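Computed from the coordinates by the stated procedures, all read-outs in this text should not be read as laboratory data. Because the structure is predicted, anything quoted here is derived from the model rather than measured. When we count neighbours, we look across all protein chains shown, and the Cβ atoms used for this are built from the backbone with ideal geometry, even at glycine.
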C-alpha cells in the first residue's frame, strides 16, 4: 500500500536595508553621522555600542578610542559606549585563529549586549569578517556597523553581506550571511595605509569593472598610474563606483545569499584563494585576486573568448597600478591537479564552497563575463606560462 505524505509549504520574504555612507572625520563631535544612524533605529533608547579595532589600524591612530569616548559623551542620549575596547590582528591572522571570535563573544556577554545593541568594527576586511561572524552568532545576530579602513574593505569586503573565518585549511569555511546595519567609509583611514594595502583594493575595482562596466574600466585604465601614486581624487571615485556596482549586484542578481552555484563577483577568486594559502598568506588578498584575474583573463584569451587587444589592456592596467601578475606557486604540482599544493586544487575547493557544480567566470569582452562549468587544464597550464613570460617583460 503506497505511503501517504502530508506537506505544508511555506514561503516568505524578508526585506533588508542598509546604508553605505561616505564621510571624513567620523568621530569629530560635530559630525553627527554615526549618532544619527543609531538614532534612526532607536529614537528613544540609548543603545550599547561595543568597538572592535584592527590592531594595525589602531597603531596608526592611537588616539582613536579616546576620540570615541569624547564623541560618546557628546551623544550620550543616543548610545552608551562599552568601555572595553577589543583589538584583534589584521589580515588573515584574524581569520585563522578562532580565539578572536571567542574573545568577542565574551566581551558581548560581559557587556550584556542584546540584539538591539551594536558591534562597531573598525579595520580591514579580515577583521570585519571575523568580528562580523562573532556578532552574527551572538544572540543569533547583533547589529554591526562596519567602518572599513582599507581600500579593499571600503570598495568590496565591507559592502557585502558575508562574514566568515578560515577553518580546516580552507578560506571562509565558517561563516554567515548577515547584512550590516550600516557601512561608513571615512577617507582619513586610507592616509596611513602602506603601499601594498593601498594598491591591494584596486584589484577588486578592476574585477567589477571587467564584469559590469566597460566605462569604469576605461576610467581605471586612464588613471592607473595616478592610483599607484596614491592620488586621493581618483581613488575616491574608484571606491564610490565600485561600492555602487557591488551593491547593485547584491540587490538585483536574485541570489544575495548565494543559494545557487553562481558567484560572478568571485571572478579570479578560485585561484586567488588557493594562492593565498600556497604563499602562507604572504600575498595580500587583493594581490592574489590580481593574479587570479590575470590568469582567468589569459585563459579567456587563449580559449578564443577575448581579443588579444583587450587581454593586453587588462594586464597592462594591472601592471600600471603596480601589481605583480605571477608567483612561482602557480607552477606547483601542475601535473597533479588533486595535490593539495596544486593551484588546480583550488577549482575543487571552489566547487565545494559553492555547494554545487563548478561555476567560474571568464571574460567575453571588457564589461561582459561568461560563466563556464568545465575547464581545460592544459589551457590553464599554457596561461600560467604566458603570465610568467609577460611578467618578465620590461615595463
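Kirkwood Rh, the range 195-392, all Cα pairs: how many Å? Before the final figure, lay out the partial values.
Numbers: mean 1/r = 0.0594 Å⁻¹.
Averaging 1/r across every pair of different Cα atoms and inverting gives 16.8 Å.
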(request) Describe numerically, in nm with one decimal, the distance between label points set 7 Å from Cα along Cα→Cβ at residue 5 and at residue 110. (result) 5.1
(message) If you fit an axis through the alpha-carbon atoms of helix 202-212 and take the longest principal axis of the Cα set of the chain, what angle between them do you get, 0 to 90°, nearest 10?
(response) 70
(message) What do you get for the angle between helix 269-278 and the principal long axis of the chain? Use alpha-carbon atoms, 0 to 90 degrees, nearest ten.
(response) 80
(request) Quick one: check the C-alpha center-to-center distance for the range 1-79 versus the range 310-332, whole angstrom. (result) 38
(request) Using only C-alpha positions, report the orientation-averaged shadow area of the convex hull of the chain, nm², one decimal. (result) 22.9
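What list do you get for 55, 312 if you sort them by fewest beta carbons within 10 Å? Before the final figure, lay out the partial values.
Working: 55 15, 312 12.
Result, fewest neighbours first: 312, 55.
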(message) Given contacts defined as C-alpha pairs under 8 Å and at least six residues apart, what's the relative contact order of the range 195-392, whole-number percent?
(response) 28
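What are the semi-axes of the equivalent ellipsoid for the range 107-181, taken as the square roots of 5 times the Cα gyration tensor eigenvalues, largest first, in whole Å? Display every interim value, and only then the final one.
On the way: eigenvalues 75, 47, 20 Å².
After scaling each eigenvalue by five and taking roots: 19, 15, 10 Å.
Could you put 98, 40, 200 in order, starting from the residue whose Cβ has the fewest other Cβ atoms within 10 Å? Could the numbers behind the result be given before it?
On the way: 98 15, 40 12, 200 26.
In increasing order of surrounding Cβ atoms, one gets 40, 98, 200.
Using 0.36 nm per residue of separation minus the Cα-Cα distance, give me the extension gain between residue 76 and residue 358 in nm, one decimal.
Working: separation 282, 0.36 × 282 = 101.52 nm, distance 5.14 nm.
Once the chain is fully extended between residue 76 and residue 358, it gains 96.4 nm.
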(request) Working from Cα positions, state the angle (0 to 90°, nearest 10) between the long axis of helix 99-110 and the longest principal axis of the chain. (result) 20
(request) Using only the alpha carbons, work out the radius of gyration and Dmax of the range 19-192 in angstrom. (result) 14.7, 46
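From the helices alone, meaning DSSP H stretches of at least four residues, give me the mean residue ellipticity at 222 nm for the chain, per-run term -39500 (n - 2.57), in deg cm²/dmol to the nearest 500. Please report the intermediate quantities before stating the final value.
Numbers: 16 runs with 174 residues, N = 395.
About -13500 deg cm²/dmol.
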(request) Please report the relative contact order for the chain, taking Cα pairs under 8 Å with a sequence separation of at least 6, and give it as a percent rounded to a whole number. (result) 13
(message) Can you give me the distance in nm between label points at residue 69 and residue 229, each placed 7 Å from the Cα along the Cα-to-Cβ direction?
(response) 4.2
(request) With 10 Å bins from zero, work out the P(r) of the range 1-111 over every alpha carbon pair and list the percent per bin. (result) 11, 30, 31, 13, 6, 5, 3, 1
(request) Please report 321, 103, 242 as a ranked list, fewest other C-beta atoms within 10 angstrom at the top and most at the bottom. (result) 103, 321, 242
